[in-house]
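Here is the structure we will look at.
Every number here is computed from the coordinates shown, using simple stated rules; none is lab data. The shown structure was predicted, so the numbers you read here are calculated from the model rather than taken from an experiment. Heads up, the Cβs are rebuilt from the backbone with ideal geometry, glycines too, and the neighbour counts pull from every protein chain shown.
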Amino acid sequence: MGKAAVTITIACAAATCAAVAAAFFVNRRLRQRTSWKRAQCIVDEFRGGCSTPLSRLRQIVDNMVVEMHAGLAIDGGSKLKMVLSYVDNLPTGNEEGLFYALDLGGTNFRVLRVQMGGKEKRIMNQEYKEVSIPPKVMVGSNEDLFDFIATELASFVASEGEGFFLLPGQQRELGFTFSFPVKQTSINSGTLMKWTKGFAIAETVGKDVVEELQGAMHRSNVDMRVAALVNDTVGTLAGGRYEDDDVMVAVILGTGSNACYVERADAIPKWRGPLPASGSMVINMEWGSFTSAHLPKTEVDDALDADSVNPCDQIFEKMISGMYLGDIVRRVLWKLAAEAAFFGGKVPSRLEVPFILRTPDVSAIHADQSPDLKEVIRVLRVVFGIQSSTLQMRKVIMDVCDIVAERGARLAGAGIVGILKKIGRDGGSLANNGGLENHSYAATEERKKTVVAMDGGLYEHYPKFREYLKQSVVELIGKEAAEHIELRLSKDGSGIGATLLAASHSSFVAEQE
Ligand code: BGC
């Protein structure tokens with residue numbers, strides 16, 4: 001081949017290469033643009049599905065009130081269990097003596113002891129120990145779970161030292177905070193209806209959990225009587241009331257979620273006993289199982305529910321509580337990866353792992369104010385093993401966290417307003433009570449201050465969630481009425497509350513009376 005021909009051939013090859021490269025880049029840009037558009041569509045669609053305009057929140061409030069009435073009328077009348085707690089007297093400050101509590105409700109449990117000194121000396125001393133429950137115990141056998149707890153309790157009792165003393169003739173007594181749906185049969189007995197929050201020990205369902213605990217304590221040589229069985233919401237209410245008489249409602253927003261409140265005993269048709277002297281009783285709503293056609297549920301929620309250990313159950317809890325918010329975000333990110341190649345051609349494998357993204361990470365992302373969103377970079381790297389991302393992508397991720405947290409918080413706010421409305425503390429007109437029987441209550445109590453004791457890691461450690469929640473309450477009841485409502489962080493009140501309830505239901509106290 002002549003020189004000229006070689007030159008022409010090389011020139012042609014170079015031109016072809018350039019054309020191929022150009023086509024490749026154009027194609028890639030087109031693909032990227034299409035993926036980006038698809039990603040935006042996915043997020044917009046999700047945002048739409050999660051939206052909680054005021055009109056929708058109002059419908060949820062009304063549904064909550066209707067369901068509360070139905071659950072109070074008859075057992076099984078509503079998805080809201082409205083469990084009678086048998087707590088008809090809340091702490092007064094007179095409680096005296098040494099009392100223990102055991103707080104089981106999540107992946108950790110706590111044992112604590114409190115020395116109470118009556119009106120004058122109040123809480124004189126307290127100590128606690130926190131133990132994490134091995135995951136295999138959460139889904140193992142009934143006996144293993146209760147033996148594990150009793151063994152830890154035994155070692156804690158053995159460490160009782162200075163500053164703690166029983167009153168003469170007093171036996172050690174315990175308040176058992178058991179934060180799962182229980183059909184309570186007295187102040188210190190109740191059968192487990194179902195597990196929540198990832199616990200799954202079939203044998204325990206239908207059993208009296210106090211008997212199970214007493215049995216295990218016996219096996220571990222712990223000489224102690226269970227004086228009160230309480231839900232964590234009820235413990236929180238009791239702890240809050242010890243400090244302030246205006247506490248009427250308690251809400252937990254942690255791994256799980258629930259609320260309880262003080263109800264007029266004559267507004268509880270399913271209560272069969274004599275009316276308590278106090279005229280009221282604490283109702284454990286078990287609001288995690290609330291559901292309503294107005295809940296802004298998306299296909300992501302449906303998939304999470306279907307894959308959970310308790311499908312079709314705890315629908316409200318799955319939209320508002322700490323156990324699930326992170327996984328909702330993960331599922332949306334997965335969809336972005338799978339359907340819009342958000343993280344490149346392949347779906348990063350760790351995005352497939354259920355519950356790998358925890359709500360504290362979502363909170364950290366949400367709080368990130370650095371210009372290049374460092375927290376998002378950290379979470380992507382540490383949690384998902386994703387090493388590179390653009391600022392634009394990180395903004396989308398933050399947006400997803402915002403959508404999920406805002407929805408959860410506003411729904412929880414609507415739940416709280418539902419309770420306030422039911423007890424006539426929402427500051428609304430009489431008509432606000434929907435023609436239901438709390439009219440006179442509303443009329444007389446309308447302007448009283450109401451404190452809602454709030455506890456749980458989600459509420460405590462997620463500032464944006466807290467803001468959204470408070471904002472929704474103000475939107476729903478108006479600024480003026482909201483001035484009479486205080487949402488007060490009542491940190492770890494449920495353990496102390498359980499010891500206080502053990503004290504007020506102590507057999508020793510009864511003998512003295
Ligand atoms: C349980 C409730 C509990 C709440 C908060 C829910 O999953 O059903 O009994 O109060 O979690 O711990």
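Side notes on the structure shown:
- Positive-end residue, the chain charge dipole about Cα centroid, Cβ charges, pick of H69, V43, A202: V43
- Candidate aspartates and glutamates for bridging to K479, where Cα separation is under 12 Å - those fewer than 8 sequence places away on the same chain excluded: D426
- Distance (nanometres) between label positions extended 7 Å along Cα→Cβ at L489 and L275: 4.0 nm
- Relative contact order for the chain, counting Cα pairs under 8 Å that sit 6 or more residues apart, in percent: 20 percent
- Relative contact order of segment 57-173, taken over Cα pairs closer than 8 Å and 6 or more residues apart, is 20 percent.
- Distance from segment 110-143 to segment 297-321 (C-alpha centre basis), Å: 31 Å
- For K119, the lysines whose Cα falls under 24 Å of its own Cα, not counting residues fewer than eight places away in the same chain, are K449, K491.
- Net charge dipole, segment 87-230: roughly 300 debye, given to the nearest 20, about the Cα centre with Cβ charges of +1 for Lys and Arg and -1 for Asp and Glu.
- In units of the rule-of-thumb radius 2.2 N^0.38 Å, segment 87-230 shows an alpha carbon radius of gyration of 1.05.
- A helix-only calculation puts the chain at -15500 deg cm²/dmol for mean residue ellipticity at 222 nm, using -39500 (n - 2.57) for each DSSP H run of at least four residues, averaged over all residues.
- Spatially proximal aspartates and glutamates relative to K395 (Cα-Cα < 17 Å; intrachain offsets below 8 disregarded): D44, E45, D361, D368, D372, E375, E406
- Amide H contacts of G190 (H built 1.01 Å from N, under 5 Å, at least 5 apart or other chain): T185, V209, V210, E211
- For segment 87-230, with +1 on Lys and Arg beta carbons and -1 on Asp and Glu, the positive-most of A216, V87, F156 along the dipole: V87
- Across the alpha-carbon set of the chain, the Rg to Rh ratio works out to 1.10, Rh being the Kirkwood radius.
- Helix 463-477 vs. the chain, principal-axis angle (Cα, 0 to 90°, nearest 10): 70 degrees
- What separates the Cα centres of segment 344-390 and segment 167-201 is a distance of 39 Å.
- For segment 323-375, the relative contact order comes to 42 percent (Cα pairs under 8 Å, sequence separation of at least 6).
- Ratio Rg/Rh, restricted to segment 294-382 and using Cα atoms, in which Rh is the Kirkwood radius: 0.99
- Computed from backbone phi, the HN-Hα couplings of segment 192-209 come to 6, 7, 6, 8, 9, 6, x, 6, 8, 10, 3, 4, 6, 4, x, 9, 6, 6 Hz, rounded to whole numbers (Karplus: 6.51 cos²θ - 1.76 cosθ + 1.60, θ = phi - 60°; Gly and Pro given as x).
- Over 30 Å (Cα to Cα) - which of K37/K374; K197/K470; K121/K470; K129/K207 fall in this group: K121/K470
- 0 to 90° range, to nearest 10: angle between helix 322-340 axis and the chain longest Cα axis: 10 degrees
- For the chain, the longest principal axis of the C-alpha atoms and the axis of helix 142-158 are separated by about 60°.
- Calculated FRET value between K374 and Q40, using beta carbons and R₀ = 22 Å, to 0.05: 0.40
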